[in-house]
Amino acid sequence: MVNALTPETTARPPRPRSAEPARTAVDPRARARRHQAVVAYLFLAPVLLFFAVFLILPLGFALLLSMSRWAGFDLADIKPVGLDNFTSLFADGSTFLTPILTNTLLFALGTVALALAGSVLVATCIDNLRFQGLWRTLYLLPIVTTVVAVGNVWKYMYEPGGLVNGALNAVGLDSVAFLQDPDTALPAVVVVQAWASVGSAILILTAGLKSIPESYYEAAALDGAGPVTVFLRITLPLLRPALLFVCVTQFITGLQSFALIIVMTKGGPGDATNVAALEMYRQAFSYGDWGTASAAAFVLFVVILIVTLAQLWIFRRRGEDA
């Protein structure tokens, strides 16, 4: 009997694996987002470069100078001194805290108080008059006029034979040496700064008044509310955002004021009208002490930051309580 031999089954060799790595699917949306981000940064590049050159680099250099001694000529002469410039500003005998920084705060506070009160009053009156565009244009003229022209005109008006003293003499009062008397020099400059800044505040407050719905005033009239009640209960509360903007911007402008003071009084008589910005100018360009000037600049920055945050907190608290 012959046994039939069954053919042996041969195992197939394994298929060689592909040497190419497996391709991962790319999300077209992610690719589109990356493309949009690249395009956006390309458009932002000029602005970012501008801020880097004219903001970040000067800020870093000012920080370096605030902790150094430098006469303003050769960069190799910069000598680190640590916090000596800051301590010298508040040392005994220094005039930076009193009267310079005190004058700065009083100047800004007086300017904001006068400008805010005047702009609210004038904006409310303009809102009830005809030819409102004409009146707003007239009050805007001091803004487009250069500070040098405004300062010189008011300087002559404050002279003993000027318009202001002429008006005082007309009502039987004696002449006042406004810019020569240490007691009246700072208030006199405050009045000019407030007068010059009323125009911009009026524009903002007028826009805020236009945004108040007339239905509120109609309802108040039906309830028999008087003008004072309407102003205190409706106009002022609804003007709070515009008032906040005007208050913050005017305070910052007052703390940084420099040109008007140097035109009208040059900081005198004595240090009666000397403010922080003017002192920084003197330390840098008159005395060649750029380190002290930079330190004073950072101190003023901290003061502006604290005052601004305080104003925001006060207005936010009043808004929550209202």
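The values are calculated or read from the model by the stated rules, or taken from the named source; none is laboratory data. Computed from a predicted model, the values in this text were never measured in an experiment. All Cβ positions, even for glycine, are placed from backbone atoms using ideal geometry, and neighbour counts span all protein chains on display.
Any residue in segment 241-269 that is in the same structural domain as L106 (by TED's automatic domain parsing) and at pLDDT 90 or above sitting within a Cβ distance under 7 Å of a residue that is not aliphatic (A, V, I, L, M) and not in a helix (DSSP H, G or I)? List the pairs, counting only those 6 or more apart or interchain.
I261/G267; I261/T273; T265/T273; G267/T273; G267/N274; P269/Q180
Which residues, taken from segment 270-318, are closer than 15 Å to S88 by Cβ, aromatic (F, W, Y) and touching a residue at least 60 places away in the same chain (Cβ under 8 Å)?
W290, F298
Take S211 and tell me if it is surrounded by fewer than 17 Cβ atoms within 10 Å (Cβ to Cβ) and among the polar types (S, T, N, Q).
On the way: surrounded by fewer than 17 Cβ atoms within 10 Å (Cβ to Cβ): yes; among the polar types (S, T, N, Q): yes.
Spelling it out, S211 is indeed surrounded by fewer than 17 Cβ atoms within 10 Å (Cβ to Cβ) and among the polar types (S, T, N, Q).
Within the group V153, V176, V191, V148, which residue is over 23 Å from L116 (Cβ atoms), under 22 Å from the mean Cα position of the chain (by Cα) and at pLDDT 90 or above? Steps first, answer last, please.
Values: V153 fails: under 22 Å from the mean Cα position of the chain (by Cα); V176 fails: under 22 Å from the mean Cα position of the chain (by Cα); V191 fails: over 23 Å from L116 (Cβ atoms).
Every option except V148 fails the conditions.
Please identify the pairs in which a residue from segment 207-233 that is of a type in the set (D, E, K, R) has its Cβ atom under 9 Å from the Cβ atom of a residue that is surrounded by 13 or more Cβ atoms within 10 Å (Cβ to Cβ) and in a helix (DSSP H, G or I), counting only partners at least 6 apart or on another chain.
K210/D127; R233/A220
Of everything in segment 58-83, what is surrounded by 12 or more Cβ atoms within 10 Å (Cβ to Cβ) and either without any contact (Cβ under 8 Å) to a residue 12 or more places away in the chain or of a type in the set (K, R) (or both)? Give them in sequence order.
L59, F61, R69
Out of all the residues in segment 98-106, is one or more surrounded by fewer than 18 Cβ atoms within 10 Å (Cβ to Cβ), touching a helix residue (DSSP H, G or I) at 6+ places or on another chain (Cβ under 7 Å) and not small (G, A, S)? Give the steps one after another, and end with the answer.
Start the filter on segment 98-106 by keeping residues that are surrounded by fewer than 18 Cβ atoms within 10 Å (Cβ to Cβ), which leaves 98, 102, 105-106.
Right, trim to touching a helix residue (DSSP H, G or I) at 6+ places or on another chain (Cβ under 7 Å) and you get 106.
Filter again for not small (G, A, S), leaving 106.
Yes: segment 98-106 contains one or more residues that are surrounded by fewer than 18 Cβ atoms within 10 Å (Cβ to Cβ), touching a helix residue (DSSP H, G or I) at 6+ places or on another chain (Cβ under 7 Å) and not small (G, A, S).
Would you tally the residues in segment 164-181 being surrounded by 15 or more Cβ atoms within 10 Å (Cβ to Cβ) and touching a residue at least 40 places away in the same chain (Cβ under 8 Å)?
The qualifying residues number 2.
Within segment 232-248, is even one residue surrounded by fewer than 18 Cβ atoms within 10 Å (Cβ to Cβ) and either hydroxyl-bearing (S, T, Y) or in a loop (DSSP other than H, G, I, E, B) (or both)?
No - not one qualifying residue is present in segment 232-248.
Given the criterion of a type in the set (F, W, Y) and in contact with a helix residue (DSSP H, G or I) (Cβ under 6 Å, 6 or more places away or on another chain), identify the matching residue among F231, F285, F298.
The conditions single out F298.
Please go through segment 56-80 and pick out each residue that is modelled with pLDDT of 90 or more and either assigned to a helix (DSSP H, G or I) or over 15 Å from D289 (Cα atoms) (or both).
If we filter segment 56-80 for residues that are modelled with pLDDT of 90 or more, which is where we start, we get 56-70, 78-80.
Scanning segment 56-80 gives I56, L57, P58, L59, G60, F61, A62, L63, L64, L65, S66.
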